[in-house]
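Student: One structure, as structure tokens, below. Some questions next.
The values are calculated or read from the model by the stated rules, or taken from the named source; none is laboratory data. It should be emphasised that the depicted structure is a prediction, and the values quoted were computed from it without experimental measurement. Cβ placement follows ideal geometry from the backbone for every residue including glycine, while neighbour counts extend to all protein chains displayed. Surface areas here come from the heavy atoms of the whole protein model, side chains and all, with no ligands, DNA or RNA. Shrake-Rupley method; radii C 1.70, N 1.55, O 1.52, S 1.80 Å.
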Amino acid sequence: MRSPHRQPGTRGVRSLLSIGLAAVLAAAGLTTLAGGAGAEEPTTSTPAAERPLAADFPTPTDEVVVNETILVDEPFDGENVRYVPGPELGAGDQNEDQLPVFRVEDGGSLSNVIIGSPGVDGVHCYDSCTLTNVWWENIGEDAATFRGGDGSQFTVSGGAAVAGDDKVFQHNGGGTLTVRNFVAEDFATLVRSCGNCSTQYQRDIVLDGVEVTVPADRLVGINENYGDTATLRNVTIVGDSGRDVVPCQKYVGNDDGDEPDEAGSDADGTHCRYSASDITYR
């Protein structure tokens, strides 16, 4: 589901150096969903170092082109390799049929990974999973999507994401998504509880130690009618002199695919849980 008031755009790119993906995956104990992946002439990516960012992106240790989604079902440390989505995964626009670079299964974890441009559909997390120090040089359709039933626990710790036209994180399953010590810049919505999924859940979202830099529209979007909650702590918003970024937008969600209606944005202590002291403007 797209967030309102944001139009797709394009980003600058530069050439990358390609290396073999098979050797990297074999060393990491990974497979692809289709049983293998190969490296080709790489697509293009804009290194974070070329943009002024609040976050210090790590220097890539290598660069790999990914043409098939990589399945992760155990802890995986990417050692700051940059994974660049190939055209088989998508174009990095707002087409919702794009494929993720990584699919992290229940109990799996992904750490120290750089996802290059175009971001396509980033990372898919199933049931309960952890993303630690994952860096998105381009958000693509969504940086990460979280799917699971009631009681799922998703955690994003560290890392950063930049250059998106819509959402950074999409919470489609049940349970709690916690985002801590994370930096984001140039996006529409940082975290969105799905407003029109065919199966809906009560969802909880926690932002703790997050820093965002405009342009941005809102931090969190939740569904009031499904009992969602959003808790904000130690949040910093940079460049928003007009206080235009909405900390917590409430919606009336549905399960029939319609665009949900807005339902206010006040800190009510029930759904939107924060006070003025929880947000610092710089």
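Student: Hey, residue 86 hits all of (1) open to solvent by less than 40 Å² (accessible area, probe 1.4 Å); (2) at pLDDT 95 or above; (3) farther than 21 Å from residue 187 by Cβ but one; which does it fall short on?
Tutor: Answer for residue 86: the failing condition is (2).
Student: Looking at (1) over 24 Å from residue 62 (Cα atoms); (2) touching a strand residue (DSSP E or B) at 6+ places or on another chain (Cβ under 8 Å); (3) open to solvent by 30 Å² or more (accessible area, probe 1.4 Å), which is the only condition residue 202 fails?
Tutor: Of everything listed in (1) over 24 Å from residue 62 (Cα atoms); (2) touching a strand residue (DSSP E or B) at 6+ places or on another chain (Cβ under 8 Å); (3) open to solvent by 30 Å² or more (accessible area, probe 1.4 Å), residue 202 misses just condition (2).
Student: Run residue 237 past the list (1) part of a strand (DSSP E or B); (2) within 21 Å of residue 202 (Cβ to Cβ) and report the number of the one that doesn't hold.
Tutor: All conditions are met except number (2).
Student: Go through the residues of segment 35-48 one by one and say whether even a single one is modelled with pLDDT of 80 or more and part of a loop (DSSP other than H, G, I, E, B).
Tutor: So far as segment 35-48 goes, no, none of its residues is modelled with pLDDT of 80 or more and part of a loop (DSSP other than H, G, I, E, B).
Student: Same structure, new question: Mind checking which residues of segment 250-276 are under 22 Å from the mean Cα position of the chain (by Cα) and in contact (Cβ under 8 Å) with a residue 60 or more places away in the chain?
Tutor: Listed by number, the residues that qualify are 253, 257, 259, 260.
Student: Sticking with this one: Taking the criterion of being hydroxyl-bearing (Ser, Thr, Tyr) and within 19 Å of residue 156 (Cβ to Cβ), would at least one residue in segment 75-84 satisfy it?
Tutor: Among the residues of segment 75-84, at least one is hydroxyl-bearing (Ser, Thr, Tyr) and within 19 Å of residue 156 (Cβ to Cβ), which makes the answer yes.
Student: Here's a follow-up. Pairs only if they're at least six apart or on different chains, beta carbon under 9 angstrom, first in segment 178-191 and open to solvent by less than 10 Å² (accessible area, probe 1.4 Å), second hydroxyl-bearing (Ser, Thr, Tyr) and assigned to a strand (DSSP E or B); list them, first residue then second.
Tutor: 179/155; 179/157; 182/157; 184/213
Student: I'd like to verify a number: residues in segment 233-282 that are within 25 Å of residue 211 (Cβ to Cβ) and open to solvent by less than 70 Å² (accessible area, probe 1.4 Å), how many? Steps first, answer last, please.
Tutor: Going residue by residue through segment 233-282, those that are within 25 Å of residue 211 (Cβ to Cβ) are 233-251, 265-269, 271-282.
Pick out the ones that are also open to solvent by less than 70 Å² (accessible area, probe 1.4 Å) and you get 235-240, 242, 245-251, 265, 267-269, 271-272, 274-275, 278-279.
Of the residues in that region, 24 qualify.
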